[in-house]
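Derivation of every value follows stated rules applied to the coordinates shown; laboratory data play no part. All of these numbers come straight from a predicted model, not from anything done at the bench. Note that we place each Cβ from the backbone using ideal geometry, even for glycine, and neighbour counts take in every protein chain shown.
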Number of protein chains: 2
Amino acid sequence: MATVSPLAPAAVPGLPPLAGVRLATAAAGIRYAGRTDVLLALFDPGTSVAGVLTRSKCPSAPVEWCREKLKSGKARALVVNSGNANAFTGKSGREAAKFTAALAARASRCKPAEVFLASTGVIGEPLKATQFNGVMDGLVAAAKPGAWLEAAKAIMTTDTFPKLATASAALGKATVRINGFAKGAGMIAPDMATMLAYVFTDAKVPAPVLQTLLAAGADRSFNSITVDGDTSTSDTLLLCATGAARHKPVTGPRDAHLKDFRSALDAVLIDLAQQIVRDGEGAEKFVTIEVVGAASARAARRIGLAIGNSPLVKTALAAGDANWGRIVMAVGKAGEAADRDRLAISIGGTRICERGGPVPGYDEAPVAKHMAGRDLHIAVDLGIGGGRATVWTCDLTHRYIDINGSYRS
Amino acid sequence: MATVSPLAPAAVPGLPPLAGVRLATAAAGIRYAGRTDVLLALFDPGTSVAGVLTRSKCPSAPVEWCREKLKSGKARALVVNSGNANAFTGKSGREAAKFTAALAARASRCKPAEVFLASTGVIGEPLKATQFNGVMDGLVAAAKPGAWLEAAKAIMTTDTFPKLATASAALGKATVRINGFAKGAGMIAPDMATMLAYVFTDAKVPAPVLQTLLAAGADRSFNSITVDGDTSTSDTLLLCATGAARHKPVTGPRDAHLKDFRSALDAVLIDLAQQIVRDGEGAEKFVTIEVVGAASARAARRIGLAIGNSPLVKTALAAGDANWGRIVMAVGKAGEAADRDRLAISIGGTRICERGGPVPGYDEAPVAKHMAGRDLHIAVDLGIGGGRATVWTCDLTHRYIDINGSYRS
């Protein structure tokens with residue numbers, strides 16, 4: 001395990017239990033003996049589920065499985081293993097997924113189609129799903145409401161800290177809870193990332209509504225982060241709603257009662273997404289890129305991601321260099337409408353260029369001080385429209401190369 | 001100046017004179033005193049010109065100048081400076097471009113609209129074009145046919161070696177010459193790269209025909225390379241045809257007499273493009289990515305570039321790791337049609353995966369030996385169509401980060 005990222009949050013939040021969700025972890029020996037590598041989550045009957053999956057054209061077997069099973073909108077169990085991605089494993093991969101779902105369904109007394117799967121780790125090596133035989137009954141027996149931290153740790157690969165977030169929301173007269181955990185930390189890019197994130201709530205929300213809320217929230221969170229611009233074959237974000245809370249029925253995604261829930265869900269998704277960036281491989285600086293004045297929100301996000309993905313920008317940030325020339329370059333290459341003579345860039349709140357050139361005599365001292373810090377802020381105003389977006393990224397350091405030159409993922 | 005790239009060609013080719021082109025270089029003190037930083041090329045009357053320019057939405061002032069002047073298809077002079085990119089310099093940048101063209105036109109007795117410009121170096125600092133006052137008359141007086149190597153050196157920035165290429169071609173009963181030189185070496189990505197490339201021929205080819213040939217050749221060369229996926233504000237590729245050679249008039253881009261010329265032009269463009277990759281910042285391995293079986297040639301190129309741009313692939317290559325899982329990942333993220341179960345990947349000629357998984361028991365020894373070398377070959381067969389493309393890239397090393405964490409471009 002590598003040293004904890006210098007960008008890790010000061011403390012891991014404690015997550016309260018959530019009615020209808022039980023969790024357990026075990027060491028199934030998928031890749032390493034004695035390492036916790038499998039997570040089982042069990043959901044009470046009536047749990048609805050929504051998901052956002054990788055757009056990779058070569059998805060893993062579990063991603064294909066989830067895409068199919070999401071159609072029903074019902075979930076009773078979730079099995080996640082680390083150590084092996086079950087990706088590019090052909091027919092044996094599909095069989096391993098089917099075997100795992102059947103095993104979990106039998107042990108937890110539900111249908112295989114209600115079991116959701118994810119695998120993360122090495123690509124192209126067959127997943128020995130029979131390894132789950134020895135642990136599945138024990139997982140079901142041990143599953144308990146409060147095991148969030150253990151769950152978050154079980155799915156880690158190159159992550160240096162567990163990623164958890166929680167929020168509560170008023171829904172009618174009830175207060176509902178939203179808990180989530182996630183893993184990064186390489187191949188982090190929109191659509192989506194080698195990223196697994198599981199979010200749970202005791203709210204009672206029909207699956208189609210849940211799907212609408214999740215898709216919108218994912219765009220503002222997991223699809224607005226990038227570590228290296230690479231997209232995994234296995235990215236999975238699931239949102240499970242157990243319905244244990246007692247509140248007025250939700251009528252649709254625009255139900256006014258959902259306002260606070262939507263905000264809280266977005267906050268949890270953004271918190272988890274930011275933690276993934278804070279654990280980006282080799283990251284030493286957390287960078288917020290705020291784009292305003294673009295032709296549309298979509299254009300703003302694409303421009304933000306072009307900046308956040310640029311190796312030239314990221315190496316400059318690693319060196320503490322406020323190299324706005326490279327930011328201009330990245331804006332230019334995004335392919336979205338831009339006008340050099342209207343573009344303005346601020347770093348750490350100091351306007352350093354505008355109207356087609358550098359601001360004459362701007363004060364470099366606060367910029368240099370800001371650049372020496374851990375949390376950087378870049379603001380870009382295109383000056384041509386009302387589109388805005390915020391994107392988060394990290395710098396590109398020697399450690400990224402060290403990590404990815406040795407870890408076979 | 002950094003150590004010469006380990007991937008540099010064994011020898012710099014000697015370029016013969018080319019009728020109708022004269023070259024001179026000087027030290028104008030644009031950024032550093034005493035460093036050669038300006039190139040003047042003079043063309044005989046009747047020279048036609050074609051160009052491919054950056055697609056950046058924030059292009060430099062010289063790029064805007066060239067885009068406008070290319071419409072006439074006539075060139076008499078070219079002025080290129082290093083040290084300052086005259087990009088994101090607003091109104092003063094446009095004035096500096098205009099001033100430079102007027103100065104060169106006066107000294108070489110042509111129209112300002114027949115003068116082409118390029119600037120490379122720092123972005124966002126005003127170009128002191130008046131510095132050219134002191135050298136322009138001397139440049140015109142000194143211009144001579146054979147100064148190719150000096151010209152190639154004058155436009156270098158972070159390049160570690162000068163990049164030149166030459167070929168001859170039969171055109172009717174005449175033999176024509178094609179000479180070219182280029183610079184890299186960061187922000188190298190298609191559409192295009194921080195890349196300046198100038199190619200000259202004594203063939204007599206009308207500007208519209210020249211433009212068609214150049215655009216097609218650029219797609220197979222400069223638009224098929226990538227170092228870091230970043231695109232500069234200043235990329236410029238020009239092709240000037242002096243028409244000094246005596247041959248049958250060219251009737252159009254599909255004129256059968258042009259067959260050999262087209263091949264020779266492509267060879268020069270590919271040679272220069274490959275040299276840019278060989279001088280990619282920090283590059284230690286030159287990588288050829290051959291994609292076949294894609295839905296179309298365009299899809300094949302996009303898949304090749306997705307592989308060539310992936311930081312995870314590039315760090316694995318740097319470490320000599322035949323990590324085909326990351327190649328699968330990159331194929332998947334390209335967004336083009338792919339079928340995991342038909343995909344096949346070979347490295348160094350050894351088929352290592354096919355039909356949705358690794359080739360059982362393939363011989364790892366020749367693959368490991370290949371990966372330890374300087375020139376790597378990755379072949380990807382999508383197995384779904386007839387589209388093919390070849391893309392060239394380099395690995396991502398610690399030196400890339402060192403170079404880009406200190407050089408302000």
Rounded to a whole number, what is D in µm²/s for the protein assembly as shown from Stokes-Einstein with the Kirkwood radius over alpha-carbon pairs (37 °C, 0.692 mPa s)?
117
Across every pair of different alpha-carbon atoms, what Kirkwood hydrodynamic radius in Å does chain B reach?
21.8
How many Cβ atoms of partner chains, on average, are near each residue of B:316-324 if near means within 10 Å of its Cβ?
4
Region B:3-53: radius of gyration over Cα atoms, expressed as a fraction of 2.2 N^0.38 Å
1.59
Phi angles of region B:257-267, converted by Karplus (6.51 cos²θ - 1.76 cosθ + 1.60, θ = phi - 60°) into ³J(HN,Hα) in whole Hz with x for Gly and Pro, give 5, 7, 3, 5, 4, 4, 4, 5, 4, 4, 4
Compute the label-point distances linking B:Ala102 to its equivalents in the other copies; points lie 7 Å from Cα along Cα→Cβ; give nm, one decimal, shortest first.
8.3
Taking A:Leu149, B:Leu239, A:Leu7, A:Leu343 and counting other beta carbon atoms within 10 angstrom, the fewest-first order is A:Leu149, A:Leu7, A:Leu343, B:Leu239
Please compute the modelled spin-label separation between A:Ala368 and B:Ile384, points set 7 Å along Cα→Cβ, answer in nm with one decimal.
5.3
So for region B:1-129, Kirkwood radius off the Cα pairs, Stokes-Einstein at 20 °C and 1.002 mPa s: how many µm² s⁻¹?
136
Round to the nearest 10 and give me the degree value, 0 to 90, for the angle of helix B:324-333's Cα axis relative to the longest principal axis of chain B.
60
Whole-Hz couplings from phi, Karplus 6.51/-1.76/1.60, listed for region B:349-363; x for Gly and Pro
x, 9, 5, 10, 8, 6, 6, x, x, x, 6, x, x, 5, 6
Pairs beyond 29 Å (Cα-Cα), from A:Lys128/A:Lys314; A:Lys69/A:Lys333; A:Lys333/B:Lys91; A:Lys259/A:Lys314
A:Lys128/A:Lys314; A:Lys69/A:Lys333; A:Lys259/A:Lys314
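Compute the Cα gyration tensor for region B:308-395, then decide on rounded, prolate or oblate, letting a ≥ b ≥ c be the square roots of its eigenvalues: rounded whenever a/c is under 1.5, prolate when a/b is larger than b/c in the other cases, and oblate in all that remain.
Here region B:308-395 falls in the oblate category.
Would you mind counting up the charge near A:Ile155? Only other residues with Cβ under 15 Å from its Cβ, with Lys and Arg at +1 and Asp and Glu at -1.
0
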Can you list residues from other chains, or at least 5 along the same chain, whose modelled amide H is less than 5 Å from the amide H of A:Ala143?
none
So what are the ³J(HN,Hα) numbers for region A:172-179, from phi and the Karplus equation (6.51, -1.76, 1.60; θ = phi - 60°), rounded to whole Hz, Gly and Pro as x?
x, 8, 8, 10, 10, 10, 10, 10
Theoretical ellipticity at 222 nm over chain B - DSSP helices of four or more residues, -39500 (n - 2.57) apiece, nearest 500
-9000 deg cm²/dmol
Using only atoms on other chains, find how many Cβ atoms lie within 10 Å of each Cβ of peptide A:88-99 and report the average.
3
Given a cut-off of 15 Å, what percent of all Cα-Cα pairs of region A:131-183 lie beyond it?
63
Could you give, in nm with one decimal, how far B:Gly146 is from each other copy of that position, shortest first, with labels 7 Å out from Cα toward Cβ?
8.7
When B:Lys183, B:Lys128, A:Lys173, B:Lys259 are arranged by how many other beta-carbons sit within 10 Å of their Cβ, fewest first, they go A:Lys173, B:Lys259, B:Lys128, B:Lys183
Under 10 Å from the Cβ of B:Arg340, count the other residues' Cβ atoms, weight Lys and Arg +1, Asp and Glu -1, and hand me the total.
0
Between copies, how far does the label point of A:Ala297 sit from its twins, in nm, shortest first, when each point is 7 Å from Cα along Cα→Cβ?
4.1
Suppose the Debye formula is applied to equal point scatterers at every Cα of region B:241-313; what is log10 I(q)/I(0) at q = 0.13, 0.20 Å⁻¹?
-0.63, -0.99
I need the P(r) histogram for region A:152-306: all alpha carbon pairs, bin width 5 Å from 0 out to the longest distance, whole percents.
2, 10, 18, 21, 17, 14, 10, 6, 1, 0
In nm, to one decimal, how far is the B:Arg351 label point from the B:Lys173 one, both placed 7 Å along Cα→Cβ?
5.3
Region A:51-196 - percent relative contact order, Cα under 8 Å, separation 6 or more
22
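Quick one: net charge around B:Phe99, please, counting Lys, Arg +1 and Asp, Glu -1 for every other residue with C-beta under 12 Å from its C-beta. Could the numbers behind the result be given before it?
Working: positive: B:Arg94, B:Lys98, B:Arg106, B:Lys128; negative: B:Glu95.
Here the count lands on +3.
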Helix A:297-309 sits off the longest principal axis of the Cα atoms of chain A, rounded to the nearest 10 on a 0 to 90 degree scale, by 90
antiparallel share of DSSP beta bridges within chain A, to nearest 5, in %, is 70
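Translational D (Stokes-Einstein, µm²/s) of region A:221-261 at 25 °C and 0.890 mPa s when Rh comes from the Kirkwood sum over C-alpha pairs?
176
Could you work out the relative contact order of chain B? I mean the mean sequence separation of Cα pairs under 8 Å and 6+ apart, divided by the number of residues, in percent.
17
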Determine the distance separating the Cα centre of region B:251-266 from the Cα centre of region A:264-331; give it in Å without decimals.
46
Of all DSSP beta bridges in region B:23-163, what percent run antiparallel (nearest 5)?
60
How many nm is it between the label spots at B:Asp44 and B:Ala11, if each spot is 7 Å from the Cα in line with the beta carbon?
2.9
Between B and A, which B residue has the Cβ nearest their rotation axis, distance in Å?
B:His398, 3
Compactness index (Cα Rg / 2.2 N^0.38 Å), region A:282-343
1.10
If neighbour count is taken as other Cβ atoms inside 10 Å, put B:Leu23, A:Leu103 in order from fewest to most.
A:Leu103, B:Leu23
